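Remarks on the structure that follows.
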Amino acid sequence: MNSIVKKILPEQQVDRLRDARLFLRESGASRFVTSAQTAGMKFASQVKPLASAYYALVSSKFQREERAVLLGRAKYHQELQENDANVFLMRRNVHRLEKGLLMKPRRPVFAKDYILETVNVYRKIVAEPWRSAENSLDSLRWGYDVLSEYFDAVAADPVVDRARAVFEKCPPPAEACAANRDRIPYLRNLAEDPVSFEQLEQLAIKRRSVRFFDRKPVPRELLDKAFTLAGLSPSACNRQPYRFLVYDDPAIVDTVASLPGGTIGFRHNIPVVVVILGMWDAFYSEKDRHVPYIDGSLAAMSFSYALETLGLGACIFNWPDIEAHEKRAERVLGLKGYERPIFFMGVGYPDAGAMVAYSQKRPLDVMREYNAPIVAD
Ligand SMILES: Cc1cc2nc3c(=O)[nH]c(=O)nc-3n(C[C@H](O)[C@H](O)[C@H](O)COP(=O)(O)O)c2cc1C
């Protein structure tokens with residue numbers, strides 16, 4: 001029930017209102033409205049244009065996502081046209097080159113469709129690193145090493161040679177060393193397992209959503225260790241289209257913790273709030289619109305495990321797509337239109353005297369199915 005109503009009315013009145021609402025929900029009129037709505041939705045879902053019309057005319061629930069996708073695409077394409085550089089394009093293309101280099105068997109010439117584009121975006125970022133979000137040299141060294149390896153590996157070809165000429169004019173990024181390419185595809189040492197299944201299982205069993213924390217401040221060194229580990233997570237085309245916004249200043253933590261609804265009852269004791277922010281300017285097409293959610297969530301899971309090994313605990317707070325919440329978050333956090341929270345997390349030292357939920361997991365036989373029937377293609 002609306003929290004304002006709960007605050008202003010005496011408890012008895014609130015109970016009466018709740019009863020009346022339940023009565024209405026069970027009434028014939030309410031059932032009629034619900035079944036009419038269901039029939040409308042079923043009808044609209046039969047044909048794609050009707051479904052689109054439904055979401056254009058009847059419901060505006062997808063509008064925020066549509067806007068973020070469109071704004072992100074506009075920024076991406078604008079950066080291609082102007083003398084600017086989209087770091088996500090560089091990351092994606094350098095990774096495509098990596099995949100070409102490790103392919104078995106490796107083709108004598110590959111990447112002809114995008115090698116010029118790759119070299120051009122790399123050239124712009126090397127020339128003016130501050131124009132891209134990537135101000136660390138790490139990505140540039142990776143780009144330099146992979147491009148150098150690529151040009152050494154591929155056979156002569158007019159397109160490749162044009163790209164090579166552009167690349168050779170670029171100054172190598174600081175600390176890059178042509179003789180020591182250490183950021184290129186390599187063979188892993190499979191002989192050593194850093195952790196056993198049992199150790200990982202123990203970690204997974206121990207990790208639980210922690211909602212009550214000690215008042216102790218959380219050292220940023222520990223948080224940064226966990227973020228660095230989170231950054232090792234897999235990500236579609238290695239773009240990593242997310243950022244972690246971290247709030248540990250007691251003067252603002254409560255405001256940020258109040259943005260998601262799911263912190264009621266314990267938000268006062270959360271020492272650190274992290275916003276996992278999706279970046280929709282990483283994509284040239286709508287087809288990748290779900291990637292920020294996927295990649296951000298994978299990183300958040302690694303982050304949770306890392307925290308656990310450091311003696312810290314965390315709880316994810318849901319970020320359902322609610323217009324008023326989105327607007328408030330955009331304003332309070334100063335977000336761009338192509339940036340949207342994926343979810344929030346509370347982090348801190350667990351209060352040893354506070355319980356965690358048992359949260360029974362679904363049985364193996366229900367959650368996995370081998371060789372589900374398929375239709376031959
Ligand atoms: C996407 C997502 C949203 C969640 N939102 C909330 C939330 O708003 N408030 C909360 O207290 N817990 C939230 N949780 C925590 C879940 O309730 C919890 O992960 C689940 O019950 C399983 O328990 P466990 O994490 O202890 O294994 C969320 C978890 C996920 C993954």
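We did not get these values from a lab; they are worked out from the coordinates using the rules stated. Please read all numbers here as calculations on a predicted model, not as lab measurements. Note that we place each Cβ from the backbone using ideal geometry, even for glycine, and neighbour counts take in every protein chain shown.
Quick look at the numbers
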quantity	calculated
Compactness relative to 2.2 N^0.38 Å, alpha carbon Rg of the range 1-97	1.91
Whole-Å semi-axes of the range 160-237's equivalent ellipsoid (Cα gyration tensor)	40, 21, 13
GNM top mover of Ala29, Ala155, Ala226 - the chain, alpha-carbon springs below 10 Å	Ala29
The chain: most fluctuating residue of Arg328, Arg162, Arg25 per GNM, C-alpha cutoff 10 Å	Arg25
Stokes-Einstein diffusion coefficient of the range 3-59, Kirkwood radius over Cα pairs, 37 °C, 0.692 mPa s, in µm²/s	235
When the convex hull of its Cα atoms is projected in every direction, mean area for the range 199-348 (nm²)	9.2
Calculated from backbone phi, Karplus (6.51, -1.76, 1.60) coupling profile of the range 209-218 in Hz, x at Gly/Pro	5, 9, 10, 10, 10, 5, 6, 4, x, 9
Residues whose placed amide H lies under 5 Å from that of Phe343, excluding near-sequence neighbours	Ile276
Coordinate range along principal axes, alpha carbons of the range 67-169, Å, largest first	42, 27, 24
Percent of C-alpha pairs per 5 Å bin, the range 300-361, short to long	4, 14, 19, 19, 16, 13, 12, 3, 0
3J(HN,Hα) from dihedral phi, the range 330-344, Karplus parametrisation 6.51/-1.76/1.60, rounded to Hz, x for glycine, proline	4, 6, 5, 8, x, 7, 7, x, 9, 10, 9, x, 8, 6, 10
Fluctuation leader among Glu128, Glu192, Glu286 - the chain, Gaussian network, Cα springs under 10 angstrom	Glu192
Order of Ile264, Ile342, Ile374 - criterion: other Cβ atoms within 10 Å of each residue's Cβ, fewest first	Ile374, Ile264, Ile342
Value at 222 nm in deg cm²/dmol, rounded to 500, when DSSP H runs of n ≥ 4 in the chain each add -39,500 (n - 2.57)	-15500 deg cm²/dmol
Close Lys-Lys pairs in the range 199-348, where close means Cα under 23 Å and separation is 8 or more or interchain	5
Relative contact order of the chain, pairs being alpha-carbon contacts under 8 Å that are 6 or more residues apart, as %	19
Segment Ala20-Asp377, length gained on full extension (0.36 nm per residue, minus Cα span)	123.1 nm
GluC sites (Glu not before Pro) restricted to the range 301-360 and DSSP loop, no more than 13 other C-beta within 10 Å	none
In order through the range 306-311: 3J(HN,Hα) via Karplus (6.51 cos²θ - 1.76 cosθ + 1.60), integer Hz, x for Gly, Pro	4, 4, 4, 5, 9, x
Qualifying aspartates and glutamates (Cα of each under 16 Å from Cα of Lys112; at least 8 residues distant if same chain)	Glu98, Glu149, Asp152, Asp157, Asp161
Å³ per residue enclosed by the Cα convex hull of the chain	243
